[in-house]
Amino acid sequence: MAESQLNSNNLDRIDDSIHRPTFDRSKLKSGIVHIGVGCFHRSHEAFYINELLENFNSTEWGICGVGLREADRKIADIFNRQDFLYTLITKHPNGAVENRVIGSIVDFLLGMDDPRVVIEKLAHPDTKIVSLTITEGGYNINASGEFDFTNLDIIHDLENPDHPKTVFGFLTAALKKRQDSNLPAFTILSCDNVEHNGDVARYTLLAFARQQDPGLADWIESKVCFPNSMVDRITPVTTQKDIDYLKSLSLKDEWPVTCEPFIQWVIEDKFSNGRPALEKAGAQFVPDVTPYEKMKLRLLNAGHSVLGILGSIHGHETIDECVNDPVFSAYLKSFMDNEVTPVLDRVDGIDLSEYKSSLIERFSNPNIKDHVSRICSESSAKLPKFLIPTIHENLATGGSIAYGTLILAAWCYYSDKGLNQNNEPLEIIDSMQKELHEAAQGTSTDVLSFLRLRSVFNDLVDNRSFTDLYSKLVSSIYKNPNIRRLMEGNTE
Ligand code: CS2
């Protein structure tokens, strides 16, 4: 069979094993504008909305994607050729695969070329929710937890409210238009892996808006809802193999997305201007997301980082390789049981032991091939949210910190040398790579040099109980980087 380019005209020609949208996309309004259309948004929110559109009549809740970074041009070009369609390939642990063309994204705009188009879209009466996946670092918060007004793009946006570059500038410009034309505010729904992500979005947007226009800040404060939400689905980076696999089914999709079967979305039910019935598609609405998000970020995301950093130094390539190594899985279990579990609150209806076992099972899915370089990417934004708070909480109560501290010591070695224990180069992706490297490089003359990077570690360096252990572990890794030896407790 001849290969078909994925787009609306060719849907009928696609292999029967690939599920296609059965709803009429031409009738959909974009009730949701989503900023940050990465693979995660495409495997998660866009999937939920697709389920809703497939199974229940709803014309209000199509998604218009928005990209604010140069890097978003690639997806914009591909979406233009594919009518915003893409294939979601769900890979089960037993080798079974489900392929589904997702049709819930119906438009895509770039903010860089003509910001007015994006502002108009956000200010359009049909737009009821603006959801975000702008990454952990995207909230522009410094190590003391305050909005960072020294960021040059923020300075630009405050001076040029009609030509913004950042998400804060776009949101305030659009909300100002809505306020001026007496339109209801939209909901801002953060879908990032940040504890209290809605509260953080609210705090940062209000800090920015207050600086720009105090009257608008008051309006936002009283009208815009910012529900907290916990999101979950492991979504590795798409590889050429995934593209070739669809080609073998005669489908040309230039950027499909792959994911695990598990999916979860827990959301607080507070919306400014209506919401889709996501509960029909499997999402959970709860009064307070706090215990769910803490459990997920401190166990799953931190667990990923534990495996990713130690695995990188050892020379493991993927998360399933790490978790199938008995020394790694034992280490992960001890970290979760001894250091994370004691700091978690009870979650109604969730058995924590089962949750932890299910994580190990999900991590060991051999078909996901989640590369350690993805997990370790932007660790400078992730570890202060996923791991360091657990160390602080244990320091405060006299709990164990040994497992978490080894991760920071190993991260110092990783950032300094850029090599694994076999002297092979590591692929390090971090916007703070240079600063991390410089700080880590000082370790040979000052063992705490890495920790003095206060924009990442804040005041951890001032805690003696922590630095005593950290110094011992760092010295030991530098003497002999065989990481399994240290994971087994041998620090000599
Ligand atoms: C990962 C997450 O970025 C990371 O380090 O832990 O992307 C993780 O796969 C997702 O949060 C799963 O929901």
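Key figures for this structure:
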item	result
Dipole moment magnitude, nearest 20 debye, the chain about Cα centre, only Lys, Arg, Asp, Glu C-beta charged	160 debye
Summed side-chain charge close to Leu110 - residues other than Leu110 whose Cβ falls under 13 Å, Lys, Arg +1, Asp, Glu -1	0
Degrees between helix 388-397 axis and first principal axis of the chain (Cα, 0 to 90, nearest 10)	50 degrees
Amide H contacts of Gly65 (H built 1.01 Å from N, under 5 Å, at least 5 apart or other chain)	His34, Val106, Asp107, Phe108, Leu109
Extension gain (nm, one decimal) between Ile360 and Asp348, 0.36 nm per residue minus Cα-Cα	2.2 nm
The chain - accessible surface per residue (Å², probe 1.4 Å)	41 Å²
All lysines inside 30 Å of Lys479 as judged from Cα atoms, apart from same-chain residues fewer than 8 positions distant	Lys333, Lys382, Lys385, Lys417, Lys434
Degrees separating the helix 197-212 axis from the principal Cα axis of the chain, which is the longest one	70 degrees
Shape category assigned to segment 412-475 from the gyration tensor of Cα positions, a/c cut at 1.5	oblate
Cα-based equivalent ellipsoid, segment 3-74: semi-axes from gyration tensor eigenvalues, Å	22, 18, 11
Segment 334-384, Rg to Rh (Cα coordinates; Rh as Kirkwood inverse mean 1/r)	1.03
Over the chain: helical MRE at 222 nm, DSSP H runs n ≥ 4 each giving -39500 (n - 2.57), nearest 500	-12000 deg cm²/dmol
Largest to smallest accessible area among His34, His163, His314 [probe 1.4 Å]	His163, His314, His34
Solvent-accessible area, 1.4 Å probe, carbon plus sulfur percent, for the chain	48 percent
Tilt relative to the chain, helix 352-363 - C-alpha long axis, 0 to 90 degrees, to 10	80 degrees
q = 0.07, 0.10, 0.15 Å⁻¹: log10 I(q)/I(0) that the Debye formula gives for segment 4-286, counting C-alpha atoms only	-0.25, -0.51, -1.13
Inter-label distance for Ser329 and Gln284, nm, one decimal - labels placed 7 Å from Cα along Cα-to-Cβ	2.6 nm
Shape box of the chain [Cα atoms, principal axes, largest first, Å]	67, 60, 43
Length-normalised contact order of the chain in % [C-alpha pairs under 8 Å, at least 6 apart]	14 percent
In Å, descending, principal axis extents of the Cα set of segment 13-134	46, 32, 26
Placed amide H near Thr318: partners under 5 Å, 5+ positions off or other chain	Val372
Listed pairs Lys27/Lys128; Lys247/Lys369; Lys165/Lys296; Lys121/Lys270 exceeding 26 Å between Cα atoms	Lys165/Lys296
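The values are calculated or read from the model by the stated rules, or taken from the named source; none is laboratory data. This is a predicted model, so every value here is computed, not measured. Using ideal geometry, Cβ is built from the backbone for each residue, glycine included, and neighbour counts are taken over all protein chains shown. Keep in mind that these areas ignore ligands, DNA and RNA; they rest on the heavy atoms of the full protein, side chains included. Shrake-Rupley method; radii C 1.70, N 1.55, O 1.52, S 1.80 Å.
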